[in-house]
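The values are calculated or read from the model by the stated rules, or taken from the named source; none is laboratory data. Remember, it's a predicted structure, so these values are computed and weren't measured experimentally. Here Cβ is always computed from backbone atoms with ideal geometry, including for glycine, and neighbour counts include all displayed protein chains.
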Amino acid sequence: MERETDNTEVELIADHRRQWRNCRYVYPVISRRSKGLSIGVNVNPDKGCTFGCLYCQIDRTVKRGLSEVHLAILHDELHLAIEEADGGGLWNDPRFARTPAHLRRINDIAFSGDGEPTCMQEFDRAVETAAKARNDCAREDIKLVVITNSTRLRSPQFQRALPILDCNNGEIWAKLDAGSEEYFQRVNRPVGEITLDRIVDDITYIARRRPVVIQTLMFRIDDADPPPTEIEAYCGRLRDILDGGGKISLVQLHTIARKPAEDCAGALPDDRLEALASTIRKTVRGVVVETFYGASKAPGA
């Protein structure tokens, strides 16, 4: 019976479709990192992103025409998703009907989707809209999470959003996948003149005022694990953030859980991911590391 439960959770976690009912922007998913229901917000229906990560599940060769985000529609869709989850209607959907009881809770409203959410010029207004929809449902306990690749942390729209997040149970989950510039360019494939030094500096700048969650995805490239020198350099980047006055509340270390766009990218085995987590804990004093496995196993802790 325990194995059946694990398999059910793996299947639920692997299903991150950006479509739910007739919604344009909102898509509930069972999230391994949220350990429950995460109500996704896709403010990049055009798939616009500043990265082209090797492991990304989004096929960016197929573009969508829709780009404008209508905030009134976003509000109504978020209101619907919260009410459906709280009222039980969501759990009658065939897609969510097998969700175990311990995962049937709303953990967050997460800005993620098909691209980099902070590229949206009115991102602050979208965050404000999410907070209002949540408050209209009397669910001020629900977190507002921004899942970002850390390339637009100093942008005007993100800076305007920060006080809204700070006042509304907000969290920033900032991507950091590499330790060296060469590996960063190979793995994340940034658009334009984006460097790893800039990414680390901007994360540090944000983390001086509030703790951030670091999201790191480790994976195999052409069946090869990340080299030890890269892991050492990555730990050095974490220390740079801490030494610069930044606060890291958690490092989420995960690997590929859904089919990536590039065939060369593959999930790390569970034991290898755990070994990397152990190395990070020993190397970066005081940092908390949580592991999340690939499709072969239910989420770890």
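Could you please let me know if PHE111 is of a type outside the set (D, E, K, R), over 22 Å from TRP173 (Cβ atoms) and in contact with a strand residue (DSSP E or B) (Cβ under 8 Å, 6 or more places away or on another chain)?
Criteria not met by PHE111.
Can you name the strands (runs of 3 or more DSSP E) wholly within the range 203-301 that have at least 2 residues being among the β-branched types (Val, Ile, Thr)?
212-217, 248-254, 289-292
Out of everything in the range 210-224 that is more than 12 Å from ALA174 (Cα to Cα) and either without any contact (Cβ under 8 Å) to a residue 40 or more places away in the chain or of a type in the set (Phe, Trp, Tyr) (or both), what residue ends up being surrounded by the most Cβ atoms within 10 Å (Cβ to Cβ)?
PHE219
Considering only residues that are part of a strand (DSSP E or B) and of a type in the set (Lys, Arg), look in the range 141-177 and name the one that is surrounded by the most Cβ atoms within 10 Å (Cβ to Cβ).
LYS175
Can you find a residue in the range 178-198 that is of a type outside the set (Ser, Thr, Tyr), under 25 Å from ASN107 (Cα atoms) and part of a loop (DSSP other than H, G, I, E, B)?
Checking the range 178-198: not a single residue is of a type outside the set (Ser, Thr, Tyr), under 25 Å from ASN107 (Cα atoms) and part of a loop (DSSP other than H, G, I, E, B).
Give the range 43-87 a look and list any residue that's on the phi > 0 side of the Ramachandran plot and at pLDDT 95 or above, or say none.
Those that are on the phi > 0 side of the Ramachandran plot and at pLDDT 95 or above: none in the range 43-87.
Scan the range 100-122 residue by residue and report those that are surrounded by 19 or more Cβ atoms within 10 Å (Cβ to Cβ), farther than 14 Å from ILE39 by Cα and in contact with a Ser or Thr (Cβ under 8 Å, 6 or more places away or on another chain).
Result: GLU116, PRO117, THR118, CYS119.
Is it fair to say ALA138 is at pLDDT 95 or above and either surrounded by 23 or more Cβ atoms within 10 Å (Cβ to Cβ) or farther than 21 Å from ASN169 by Cα (or both)?
In short, no.
Taking the range 78-97, which residues are outside any helix (DSSP H, G or I) and either crowded, with 16+ Cβ neighbours inside 10 Å or under 22 Å from the mean Cα position of the chain (by Cα) (or both)?
ARG95, PHE96
So in the range 247-301, with the set limited to residues that are of a type in the set (Lys, Arg) and more than 23 Å from HIS102 (Cβ to Cβ), which one is modelled with the lowest pLDDT?
Within the range 247-301, the match that is modelled with the lowest pLDDT is LYS259.
Being in contact (Cβ under 8 Å) with a residue 12 or more places away in the chain, farther than 21 Å from ILE280 by Cα and either over 20 Å from the mean Cα position of the chain (by Cα) or surrounded by 15 or more Cβ atoms within 10 Å (Cβ to Cβ) (or both): is that true of ALA133 here?
yes
Can you run down the residue pairs with Cβ atoms below 8 Å, 6 or more apart or on separate chains, where the first is in the range 110-123 and within 10 Å of THR50 (Cα to Cα) and the partner is in a loop (DSSP other than H, G, I, E, B) and of a type in the set (Phe, Trp, Tyr)?
Short answer, once both residue conditions are applied: GLU116/PHE51.
Within the set of pairs 6+ apart or on separate chains, which have a first residue in the range 228-257 that is within 14 Å of ASP202 (Cα to Cα) and surrounded by 15 or more Cβ atoms within 10 Å (Cβ to Cβ), a second that is at pLDDT 95 or above and hydroxyl-bearing (Ser, Thr, Tyr), and C-beta atoms under 6 Å apart?
ILE241/THR204; GLY246/THR204
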